[in-house]
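Colleague: Take this structure, written in structure tokens, and hold onto it; I'll ask about it next.
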Amino acid sequence: MGFIVSQAIFAVTKLGVVEALRAAPATAHSLAARTGTDADALARFLRLLATEGLLTEDRDGVFALTDLGTLLASDGSLHHLATNLSDEVYRAWSAASHSLRTGKPAFDEVFGDSWFGWLANRPAESEAFNTTQAALVTQRAHALLSRDWSDVNTVVDIGGGNGTLITALLRANPHLQGTLFDQPQVVAQAAFPPDTAPRCTAVPGDFFTSPLPPAQDRYLISQILHDWPDEAAGRILSNIREAMRPNARLLILDQVLPDTTTQPHPGRLLDLNMLILLGGRERSTSDWTSLLTTSGFTLTHITPGPRSSLIEAAPTL
Ligand SMILES: C[S@@+](CC[C@H](N)C(=O)[O-])C[C@H]1O[C@@H](n2cnc3c(N)ncnc32)[C@H](O)[C@@H]1O
């Protein structure tokens, strides 16, 4: 019955109840008046979420967010993820058996289009998705940002969304020149802040078919390859390989699945989410090694991280 908790979380986040509670603890009655919700229903939603540790309720029926619940407020790290997973992604999951039967994305079955095709025609949803991705950057990018970049001059972020990661990288390394590469309607959403704008260029294109920016020192690709099955991921990698000089390096931020199933791992949830949405997959170290080898790369190092690992590769000469 985990979906009941998920939907309760999504509903109170989406309808502004979390935001109202972030401002001040309140009774269900007063919250209902401010959020356009039904007071009795709201009290029941909030009591369930209190049992999940997101809220407390005192003897006077006043609800307050816990530290965990605060993550769902608009300035919290999980707000965008919670709202983004609640609509189309959730509806795609209702056809999970289609993916199980065919190995193909349930999203396409439910919506009659691919996830990125569907987003391309919906500016509001596309912006919400890119904001969600951007909000997760700081949680994922630690291994990347804490590297020594002093001997690197140029870096391109392939499929870099609205530019949040490349901006963080340029801000931390004032000597670096950056390029953001993504689909035209996505790079159009990038707004580079004044301190990094002079050092960053946006290049629109398709990472399957467009020539990628040549002669960069580092090719960064974050949370992209897990969107695609091996054949398509291999085509993206081969395209990157073609743009690279022999001394350039590939930096992949993505999940690395453990080899065993003895421990729960968030990558297993993401693995199925990628299948349902895009027909993609998460990969283990041996999966990464073989994908990279067949695409002209040698895997040189993996820095494991709780949310994302940093996988480094060099062109095979
Ligand atoms: C899961 S998001 C990852 C965004 C960002 N790199 C991050 O780490 O959060 C996938 C990105 O791939 C981009 N993308 C999808 N298909 C593409 C294509 N054919 N060519 C270029 N970019 C594409 C999307 O626009 C989106 O920004």
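Colleague: Tell me, in nm to one decimal, what length is gained between residue 51 and residue 111 on full extension, where the rule is 0.36 nm per residue of separation less the Cα-Cα distance?
Modeller: 18.1 nm
Colleague: Using the Cα gyration tensor of region 2-76, with a ≥ b ≥ c the square roots of its eigenvalues, what is the shape: rounded (a/c below 1.5), prolate (a/b larger than b/c) or oblate (neither)?
Modeller: rounded
Colleague: Enter the mean projected area of the convex hull around the alpha-carbon atoms of region 133-315, in nm², rounded to one decimal.
Modeller: 9.8
Colleague: Say each of residue 74 and residue 120 gets a label point 7 Å from the Cα, pointing the same way as Cα to Cβ; how far apart are those two points in nm?
Modeller: 3.2
Colleague: If you split all Cα-Cα distances of region 101-211 into 10 Å bins from zero, what percentages do you get per bin, shortest first?
Modeller: All Cα pairs, binned at 10 Å, distribute as 13, 40, 31, 12, 4, 0 percent.
Colleague: Another question, if that's okay. Only Cα pairs under 8 Å and at least 6 apart count here; give the relative contact order of region 1-146 as a rounded whole percent.
Modeller: For region 1-146, the relative contact order is 17 percent.
Colleague: Taking Cα pairs under 8 Å and at least six residues apart, what relative contact order does region 133-315 come out at, in percent? Each step should come with its number before you reach the end.
Modeller: Values: 346 pairs, mean separation 37.6, N = 183.
Relative contact order here is 21 percent.
Colleague: With springs only between Cα atoms under 10 Å apart, run a GNM on the chain and tell me which of 283, 44, 245 wobbles the most.
Modeller: Maximum among the listed residues: 44.
Colleague: Efficiency by 1/(1 + (r/R0)^6): what FRET value for residue 38 and residue 272, r their Cβ-Cβ distance, R0 = 45 Å, to the nearest 0.05?
Modeller: Efficiency, from the Cβ-Cβ distance: 0.85.
Colleague: Which translational diffusion coefficient, to the nearest whole µm²/s, is obtained for region 123-168 from the Stokes-Einstein equation, given a Kirkwood hydrodynamic radius over C-alpha pairs, 37 °C and 0.692 mPa s?
Modeller: 278
Colleague: Round to the nearest 10 and give me the degree value, 0 to 90, for the angle of helix 266-278's Cα axis relative to the longest principal axis of the chain.
Modeller: Around 80 degrees separate the two axes.
Colleague: Share of antiparallel DSSP beta bridges in the chain, in percent to the nearest 5? Mind showing how you got there, number by number?
Modeller: Numbers: 16 of 37 bridges.
Counting DSSP beta bridges with both partners in the chain, the antiparallel share is about 45 percent.
Colleague: Using 0.36 nm per residue of separation minus the Cα-Cα distance, give me the extension gain between residue 100 and residue 60 in nm, one decimal. Walk me through the intermediate numbers first.
Modeller: Details: separation 40, 0.36 × 40 = 14.40 nm, distance 4.82 nm.
Here the segment from residue 100 to residue 60 would lengthen by 9.6 nm.
Colleague: Taking only C-alpha pairs under 8 Å that are 6+ residues apart, what is the relative contact order of the chain in percent?
Modeller: Numbers: 531 pairs, mean separation 41.5, N = 317.
This gives 13 percent for the chain.
Colleague: Label points 7 Å out from Cα along the Cβ direction at residue 260 and residue 142: separation in nm?
Modeller: Simple spin-label model gives 2.4 nm for this pair.
Colleague: Could you tell me what % of all Cα pairs in region 195-301 have separations over 15 Å?
Modeller: More than 15 Å apart: 67 percent of the Cα pairs in region 195-301.
Colleague: State, to one decimal in nm, how far the label point of residue 286 lies from the label point of residue 298, with both points 7 Å from Cα in the Cβ direction.
Modeller: Spacing of the two 7 Å Cα→Cβ label points: 2.2 nm.
Colleague: OK, next. Scaled to the compact-protein estimate 2.2 N^0.38 Å, what is the alpha-carbon radius of gyration of the chain, rounded to two decimal places?
Modeller: In units of the globular-protein estimate, the chain measures up at 1.08.
Colleague: Report the FRET efficiency, 1/(1 + (r/R0)^6), for residue 232 and residue 87, where r is their Cβ-Cβ distance and R0 is 22 Å, rounded to 0.05.
Modeller: Taking R0 as 22 Å, the efficiency between residue 232 and residue 87 is 0.30.
Colleague: Average the reciprocal distances over every distinct pair of alpha-carbons in region 34-156, invert the result, and give the Kirkwood radius in Å.
Modeller: So the Kirkwood estimate lands at 18.1 Å.
We did not get these values from a lab; they are worked out from the coordinates using the rules stated. As the structure is a prediction and not an experimental result, all values here were calculated from the model. Note that each Cβ is placed from the backbone with ideal geometry, even for glycine, and that neighbours are counted across all protein chains shown.
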